[in-house]
1. Taking the conditions exactly as written (assigned to a helix (DSSP H, G or I), surrounded by fewer than 16 Cβ atoms within 10 Å (Cβ to Cβ) and modelled with pLDDT of 80 or more), does residue 212 satisfy them or not?
2. Over 21 Å from residue 329 (Cβ atoms) and at pLDDT below 75, is that true of residue 229?
3. Go through 436, 451, 385, 401 for me and flag whichever is touching a Ser or Thr at 6+ places or on another chain (Cβ under 8 Å), at pLDDT 75 or above and assigned to a helix (DSSP H, G or I).
4. Looking at the range 263-303, which of the residues that are among the charged types (D, E, K, R) and either within 12 Å of the chain's Cα centre (by Cα) or assigned to a strand (DSSP E or B) (or both) is surrounded by the most Cβ atoms within 10 Å (Cβ to Cβ)?
5. Only one of (1) under 22 Å from residue 92 (Cα atoms); (2) surrounded by 13 or more Cβ atoms within 10 Å (Cβ to Cβ) fails for residue 240. Which number is that?
6. Would you be able to say whether some residue in the range 404-419 is at pLDDT 70 or above and outside the structural domain of residue 380 (by TED's automatic domain parsing)?
7. If I filter the range 71-89 down to residues being among the β-branched types (Val, Ile, Thr) and surrounded by 24 or more Cβ atoms within 10 Å (Cβ to Cβ), which single residue comes out as nearest to residue 205 (Cα to Cα)?
8. Considering only residues of the range 403-427 that are surrounded by 15 or more Cβ atoms within 10 Å (Cβ to Cβ) and under 17 Å from residue 449 (Cα atoms), which is farthest from the chain's Cα centre (by Cα)?
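The values are calculated or read from the model by the stated rules, or taken from the named source; none is laboratory data. In this text the structure is predicted, and so the values were computed from the model without any measurement. Cβ atoms come from the backbone with ideal geometry, glycine included; neighbour counts cover every protein chain shown.
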Amino acid sequence: MKAASFKEWLGRFGNELKTYFNVINDLEPQDDAELSVRSGVSFKGSQLLMLIFAIFIASLGLNTNSIPVIIGAMLISPLMGPIIGMGVAIAIEDYTLLRTGLKNISMAVLGSLLASALYFLISPQYEGSSQLLARTSPSIYDVFVGLFGGAAGILSIACKNKGQVMPGVAIATSLMPPLCTAGYGLATWQMQFFLGALYLFFINMIFILFASWIGVKLMGYKKVVYQDAPRYRRIQYIVYSLVAVTVGVSVWLTVGMLRKSIFISKATEFVEQQMVFPNTQVLNHKEYVENGKQHINVTLIGEALPKDSLQLAMMNKLDSVGLGGTVLNITQGFSMSPAEMADDKDFDQFYKMMQQQLAYKENQLDSLKSIITLHNEFSEQSVKLAPEIKVLFPAVRDIALSQMVASSVGSSVVDTVNMVFVNAPAGLGASQREKLRNYTEVRLGKKNIHLVMNPSDFPWPKPEAPKAGAKGEDDDAGRPVKGKK
């Protein structure tokens, strides 16, 4: 009984849920929807003028790196009309509409490229901005934007309650800026801009068309009936072959982009998690695929690391995380090229790190200066004290001063010790030793000086040998030197 009640409840819940996703009651008649689509395919009169205005607005926005201006161009652009029209035409097999849409989108693309190229040729600001660069490298996300954007577009045309869907679709799918970026590449003869931007436009266009086609099929629109059946079948074969090839190429490109996105994600995670060092930081890193080969470029700054050992360790880690075969380029310190600091964010990060490094080096330099000063102070005092000690303590022949660091072998305890080594062959009494220690403390301004008397094997300076022939001197046999009184 309980199982039957649960099944009934589940059935009612399923039926109620279907009512939320049922769009049949919201759809306009097919003739009205087709009329809206056909009017959007046309590129005459006001539609053509709006396209021209959108081209120049998008070019201005890209040239000045202004996002609001670029969004304005997307809203004005009528490029969505012919693309959705071609998707509808394929679904209802209206090849006249398909031919019109294909002709209009071709002219729109050609006109956009020429107009934007002309603008960038006469523009006073000629450098590429970040908004231009952002439209030369399509990713897997652009595929999904085109797919879902096309689905939202065709649904808004077919439904009674259209709302403000189409402007949002125009912004999301971003058809106009890639064409203007391609025009920039044409004007400056930079093929990476031209081909990359056209690639992005192509991806967006194909998946908007594909989503429109599938949407119309799901909504059950009636097909156009042709009188000439053989001609209709030939056209149908050609169209479906072209669509299959186009979608196949798009899927192949999408798979490539998906693999690239997965690689970039894994490579970024590898750099952030594995390349962590105590006194060295990652300034920037770039992951990319070129000619089918995966690359990771990393720039390090800070304490220099052994190049060969670092490269070998990182390559072993790449194999362990499934990135074997990746080309890893590691740049350290100031060997970074200016191109690697072209981005403002990277340059700011580099500047901050350099400030930190300079502060660290200054601290090290100050510490070394203090050590050298202390060492020189002891050396100078040793030379100055020698004549004074000779007068005050005649029994002392040599003296050596040193500041030493004593450390415990069994622990990390260290201490600084001030030492005075005394060479007095005849010895010094206890009172004399204490007097010498007190005198040294006063002269050096140091406390707790340790006095070591007559250390064995100490390398004391040897006394100078008497010069032969000096007045009043004897030779080795004890006889007066000849010629001397």
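1. So residue 212 does not fit the description; no.
2. Criteria met by residue 229.
3. Working: 436 fails: touching a Ser or Thr at 6+ places or on another chain (Cβ under 8 Å); 451 fails: assigned to a helix (DSSP H, G or I); 401 fails: assigned to a helix (DSSP H, G or I).
Only one candidate passes the filter, namely 385.
4. 287
5. (2)
6. No, every residue in the range 404-419 fails to be at pLDDT 70 or above and outside the structural domain of residue 380 (by TED's automatic domain parsing).
7. Here the answer is 83.
8. Taking the candidates together, the pick is 423.
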